[in-house]
Amino acid sequence: MSEQKNGEVRIGVYVCHCGANIADTVDVKAVAEYAATLPGVVVARDYKYMCSDPGQELVQEDIRNLNVNRVVVAACSPSLHENTFRGAAERAGLNPFFVQMVNIREHDSWVHSDREAATEKAKDLVRAAVRRVYFHKPLEKRRVPIHSEVLVVGGGIAGIHAALTVANSGKKVYLVEREPTIGGHMAQYDKTFPTLDCAACILTPKMSAVKAHPNITLWTYSEVVSVDGSVGDYKVVVKRKPRYVREDLCVGCLQCIDTCVFKEPKFDDEFNMGLSKRKPIYIPFPQATPKVVVIDPEACIQLKTGKCKKSCLEACVERGAIDFDQKESYEEIHVGSIIIATGFQTFDPRRMPQYGYGKYPNVYTTLEVERLVNASGPTGGQVVTRDGRVPKSVGIILCVGSRDENTNRWCSRVCCMTSLKLAHLIKEHTGAEVFIFYIDMRAAGKGYEEFYQRVLNEGVHFVRGRVAEITDWALDPSEEGKLVARVEDTNTGFVRRIPLDMVVLAVGLEPQPDALNVQRLFGIGCSLDGFFLEKHPKLAPAPTYTDGIFIAGVCHGPKDIPDTVMQAGYAAAEAIALADTGYFELEPNTAYIVEEECSGCKSCIPLCPYQAITFNEGKQKAYINEVLCKGCGTCVAACPSGSIKQNLFEDEEIFSEIEGVLAYAQ
Amino acid sequence: MEPSAKYLYYPGCSLKGTGIAYEESLLTTFCLLEMPIQELPDWNCCGATTYMSVSETSATLLAARNLALARRTGSRDLLAPCNACYLTLRKSQELVAHYPQIAQETERFLEQAGLPRLDSVRVRHPLEVLYNDVGLQRLRELTVRRLQGVRMASYYGCQAVRPYGEVDDPHNPTRMDEILKAVGVEVVDYSLKTKCCGGSHTGTIHDVGVRLNYILLKEAMRRGAQALVTICPLCQFNLDAYQAEIRKQTGEPIDMPILYLTQVVGWALGGEFRELGLHRAISGRKLVEQWFTAKKEAETYV
Amino acid sequence: MERQIRYQREADLEWAHNFTKHPNCERLLSCIQCGTCSGTCPLSVYMDLTPRQVIAMVREGFREDVLRSKTIWLCASCYACSVECPQNIKITDIMYRLKREAIQSNLYPKRFPIPVLAQEFCELVRRRGRNSEFWVVFRMALRSNPFVLLTMARTGWDLWRTGRLSLRMERIQRVNELQYISAASKEVD
């Protein structure tokens, strides 16, 4: 192709008008004329829209006809069009890394108003690029192969949907879930808004599909403990926690639970938010998938003391599924991409003592009330207070642990709709007067505003005001024995005291408590609020900055079920596309170590944010994994012996650019 | 310059007038704890909430003068028993720390007045001094007599716990309860422990102010408290001085002793009736006399 | 029948824009009008404007409504609103700022005892460095509503007999230092 003809460097400079964006402030013709006078430049043009087809054609023709072998394009930001011009050059037969872009828009015409000064600046920048591009080397984009298997971490609705989608495309999926069953928080909900579909009814078919799918390996009660490698080639170790029950033998008859030496259940049932008790041997809920019991080692007498009748063994004498000697085991898997769907935790309302959660028994969270209204919940669907009464007045307080500088700044997005739903269900179950205390009523989804209208028309009270406190102090005889909400009702303008039998706190959604550990484990980022960081908030909300790792569901940020499913589908599509392409192209602006010059001091190793540098003990030299390197340049700058260099940012390239900019001072 | 005592004591205007019993019991208690305190010489009124309503500059400078005087004596700890004084002094420190313009004005004033620069004087409150510097264990050890069968509720008021939650937690303070328990008092849970007594409103919009106190007293009675324990002279006065009026207006038999924490602690440590200012109680006199005289057989000498 | 419309020309936007420049008033614009402040305020049930309304009015520039109100004087500085506010707005400090401006611009309710007490109190402290509880209340009553003294007669007697009523006019020794305070505040305020 068109390489250096007889070693001669032939530079083409193209100055873009960008319509009026650049041309109004910078005299682009003058810049092009100036560029033509620079050493090495064989042609300099200006054009209205360089990124357009005719614009690119200009470059390609010069490559073909004038043997131009270095290209400088003075236009907008490289983040917009670097790939455009590199691609154009490549199609004309020139190595794309012989193209250098100069930003005379964001760095010049858009930030200056003095035409003369701006034009001089543009000339300086072009001159610098011309000097730099002289030293560019032909680089190749490396391709790494992609393993087609996919790991999905987290078995809530996001993980389930992602796993099914990928599995349906023919790829193998590992679905790893920390709890003994998949289903996540959605399994705990009663009905879902706005259709009032029963959550379990729409979720359990998907859960069964996961279990039955030939392409899905389901590992519950398991956690990822280590992740090595990079896109296309991740080696992941999964720890399988011991259930003390053999998954391949248990059929879920649940006899062992009946025969357990604990006649009465005594331990907080996590699925029912502690509103009921379970035994040490248990199944989280009837539709748990896989339908295998699990034994809690903190509660089981045999596991804690070794001295138990073990009547559970008798119940399972034929199949012999119970195995007290079971140990944790480790599986190593090899996957090409990872989808993280680890979900969320709810805000602990004890952090807001003014609402009395934990102090007054009849203050609940929305998640607890979901279990109360649910027919398979601790009270069989009866909405009763902890002292057994059917409430006549119920208050739902929104924004508990959301929109609050003192707790969580963000809006948790789903609580308004959840409160509307619970208000409807509570009123349906009890006939009580229901009050919703809100700051704004956010009902933006499909069918949501209509649902709000429905609940309005059911006579639920909407008090626009954030409750200042819940107190048991009765100011009036009608308040005796009740919990009083003191609030400014900004709609009517009154400060009100509303006595309630039951208070429901709409707790906000927060990242999981171990989100930072998960982040470090997978090498992804977190945003300020602690949720996982996406690549671009608008255009790439499922990919992360780490290639091959995608996020889906509330672990990325609070959202409702439809958005979760959509995002899970997006992540799955990306994973499938990656696997189908079969390879991944890496940007060649990676750092590399000149082995002879490496002194083995190891300074660079801890500096790498991507853990791309390893040390070869035998040779006493450091080694950079090109595939993991993102070209941040930290090690290059830090290396005391200067033995680390970076492609596209070599010393000659940088110094010549600096000299080019400063040449005006000579 | 070496201070003669570790704690400099800033009385504020109330402790020389309506709150004299607070001063008496504070001095007695600290003496019993062998922690000498010395009154800040030539202290001026802190301005409380009132001066801030008229001039921010003056309010800050008035407080700064006291802090500078404290600095001059070389002491590091300035004890301000009145909640409002405590807050005002702390607030001016925060204003000077966060707003360079105010810091400049303050420096200029101090220079003109020939006072030393402000320099990390710690403003203290007796509640947290008892809790942090003395500690519950030492209080338990030093207790020589306990009140048998007397139930009290703690009333913290506002400005000691809000907005700076340094003296105790703004939402759910418990230090006074713990101290009272440590000296052998039976403590009753009280939801209104940080609800405002109205401050100076009892003197201006009298009915509004009195009602706020009626609410506090009534709920304390409902909870089974026989007395309220306070840490601010204005709270004490508000709760103490208008009970006769409340009885007349509402017909309810409210006659509850309103005690200072330092009076209760001082008595437990062996202080005497008059030296603790207990003779200055307006309401609940009979009970006060009954509980705090040494002739009761029901006492335990430890 | 009073017509209640508000024309935009009545709004003092410059005053509103400048309001957040004052110490402790910075976060006023973050108010989401949740009403927690009013809900927790022990005095809000007596106020003509609730604290939340005051913040809304400041933002919109309705200066005179706010400065003429009784609300700002009813604030007892209990700081409950500032502690509970989910946007960390220092409402109590905003109230102080408004009180100061109400006095400076002479828009405060003239016969309302609270601003009267404030000014009497400050007058005493400015001149003598200390205040005398009795004399402040006495002078305030004389200026706003002398009948208050009658209602307080019983209290006065109770205080007297328990030795808690001091009639002394207190004064600090180095009174000259106070003049610098007065001078400084004249310059700044």
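The values are calculated or read from the model by the stated rules, or taken from the named source; none is laboratory data. Everything numeric here is computed off the predicted structure, so don't read it as measured data. Neighbour counts are summed over all protein chains in view; Cβ atoms, including those assigned to glycine, are modelled from backbone coordinates with ideal geometry.
Between a first residue in segment A:515-535 that is over 10 Å from A:Thr342 (Cβ atoms) and a second residue that is assigned to a loop (DSSP other than H, G, I, E, B) and hydrophobic (A, V, I, L, M, F, W, C), which pairs have beta carbons less than 6 Å apart while being 6 or more apart in sequence or on different chains?
That search, which allows pairs on different chains as well, returns A:Gly525/A:Leu533; A:Cys526/A:Leu533; A:Ser527/A:Leu533; A:Asp529/A:Trp410.
Could you grab me the full set of residues in segment B:203-247 that are among the hydroxyl-bearing types (Ser, Thr, Tyr) and at the interface with chain C (Cβ under 9 Å from one of its Cβ atoms)?
Those that are among the hydroxyl-bearing types (Ser, Thr, Tyr) and at the interface with chain C (Cβ under 9 Å from one of its Cβ atoms): B:Thr204, B:Tyr242.
Counting only residues that are assigned to a helix (DSSP H, G or I) and not polar (S, T, N, Q), which one in segment C:153-173 is nearest to the other protein chains (Cβ to nearest Cβ)?
Across segment C:153-173, the extreme among qualifying residues is C:Asp158.
Limited to segment B:107-124, what total is found for residues that are within 9 Å of another protein chain (Cβ to nearest Cβ) and modelled with pLDDT of 95 or more?
Number satisfying all stated conditions: 0.
In this structure, is A:Ala118 touching a His at 6+ places or on another chain (Cβ under 8 Å), within 20 Å of A:Ala32 (Cα to Cα) and in a helix (DSSP H, G or I)?
Yes: the conditions hold for A:Ala118.
Assuming A:Thr37 fulfils every condition listed in (1) in contact with a helix residue (DSSP H, G or I) (Cβ under 7 Å, 6 or more places away or on another chain); (2) free of Cβ contacts under 8 Å to residues at least 60 places away in the same chain; (3) β-branched (Val, Ile, Thr) apart from one, which condition is it?
The number of the failed condition is (1).
From the list B:Tyr86, B:Tyr99, pick out the single residue that is in contact with a strand residue (DSSP E or B) (Cβ under 7 Å, 6 or more places away or on another chain) and of a type in the set (Phe, Trp, Tyr).
B:Tyr86
Do the conditions hold for B:Gly149, that is, is it more than 14 Å from every other protein chain (Cβ to nearest Cβ) and not polar (S, T, N, Q)?
yes
Name the residues in segment B:260-273 that are away from chain C (no Cβ under 14 Å) and at negative phi, would you?
Residues satisfying the conditions are B:Leu261, B:Thr262, B:Val264, B:Val265, B:Gly266, B:Trp267, B:Ala268, B:Leu269, B:Gly271, B:Glu272.
Out of the residues in segment A:479-496 that are under 19 Å from A:Pro353 (Cβ atoms) and within 11 Å of chain C (Cβ to nearest Cβ), which is surrounded by the most Cβ atoms within 10 Å (Cβ to Cβ)?
A:Val487
Which of (1) facing chain C (nearest Cβ under 9 Å); (2) under 23 Å from B:His201 (Cβ atoms) is the odd one out, the single condition B:Cys85 does not satisfy?
Every condition holds for B:Cys85 apart from (1).
From the residues in segment C:109-144 that are more than 9 Å from chain B (Cβ to nearest Cβ) and not in a helix (DSSP H, G or I), which one is surrounded by the most Cβ atoms within 10 Å (Cβ to Cβ)?
My answer is C:Pro109.
Checking the conditions here, which among A:Lys235, A:Lys137, A:Lys206 is in a loop (DSSP other than H, G, I, E, B) and basic (Lys, Arg)?
A:Lys137
Restricting attention to segment C:145-152, does a residue exist that is surrounded by 15 or more Cβ atoms within 10 Å (Cβ to Cβ) and part of a loop (DSSP other than H, G, I, E, B)?
Yes - at least one qualifying residue is present in segment C:145-152.
Give all pairs with beta carbons closer than 7 Å in which a residue from segment A:264-290 that is more than 17 Å from A:Ala187 (Cα to Cα) meets a residue that is basic (Lys, Arg) and assigned to a strand (DSSP E or B); count only pairs at least 6 apart in sequence or on separate chains.
Within 7 Å, the pairs are A:Pro265/A:Lys277; A:Pro265/A:Arg278; A:Lys266/A:Lys277; A:Phe267/A:Lys277; A:Phe267/A:Arg278; A:Asp268/A:Lys277.
Looking only at segment A:392-413, which residues are buried (at least 22 other Cβ atoms within 10 Å of the Cβ) and not polar (S, T, N, Q)?
Result: A:Val394, A:Gly395, A:Ile396, A:Ile397, A:Leu398, A:Cys399, A:Val400, A:Gly401, A:Arg403, A:Asp404.
Matching residues to (1) closer than 24 Å to A:Asp228 by Cβ; (2) in contact with a helix residue (DSSP H, G or I) (Cβ under 6 Å, 6 or more places away or on another chain); (3) surrounded by 13 or more Cβ atoms within 10 Å (Cβ to Cβ):
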position	(1), (2), (3)
A:Glu574	yes, no, yes
A:Leu578	yes, no, yes
A:Cys598	yes, no, yes
A:Asn616	yes, no, no
A:Lys619	yes, no, no
A:Gly631	yes, no, yes
A:Thr634	yes, yes, yes
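So, in segment A:256-285, exactly how many residues are assigned to a loop (DSSP other than H, G, I, E, B), of a type outside the set (A, V, I, L, M) and within 23 Å of A:Tyr364 (Cβ to Cβ)?
Result for segment A:256-285: 10.
Is there a residue being in contact with a Pro (Cβ under 8 Å, 6 or more places away or on another chain) and either away from chain C (no Cβ under 13 Å) or surrounded by fewer than 21 Cβ atoms within 10 Å (Cβ to Cβ) (or both) anywhere in segment B:195-202?
no
Quick test for you: out of A:Gly306, A:Gly343, A:Gly358, pick the one residue that is at positive phi and touching a Gly at 6+ places or on another chain (Cβ under 6 Å).
Being at positive phi and touching a Gly at 6+ places or on another chain (Cβ under 6 Å) holds for just one of A:Gly306, A:Gly343, A:Gly358, which is A:Gly343.
Filter segment B:236-265 down to the residues that are crowded, with 24+ Cβ neighbours inside 10 Å, part of a helix (DSSP H, G or I) and among the aliphatic types (A, V, I, L, M) and list them by number.
B:Leu239, B:Ala241, B:Leu261, B:Val264, B:Val265
Being modelled with pLDDT under 95, outside any strand (DSSP E or B) and of a type outside the set (Val, Ile, Thr) narrows it down to one of A:Glu82, A:Glu33, A:Glu57, so name that one.
Only one candidate qualifies: A:Glu82.
Mind checking which residues of segment A:7-26 are in a loop (DSSP other than H, G, I, E, B) and surrounded by fewer than 21 Cβ atoms within 10 Å (Cβ to Cβ)?
Passing the criteria: A:Gly7, A:Val9, A:Arg10, A:His17, A:Gly19, A:Ala20, A:Asn21, A:Ala23, A:Asp24.
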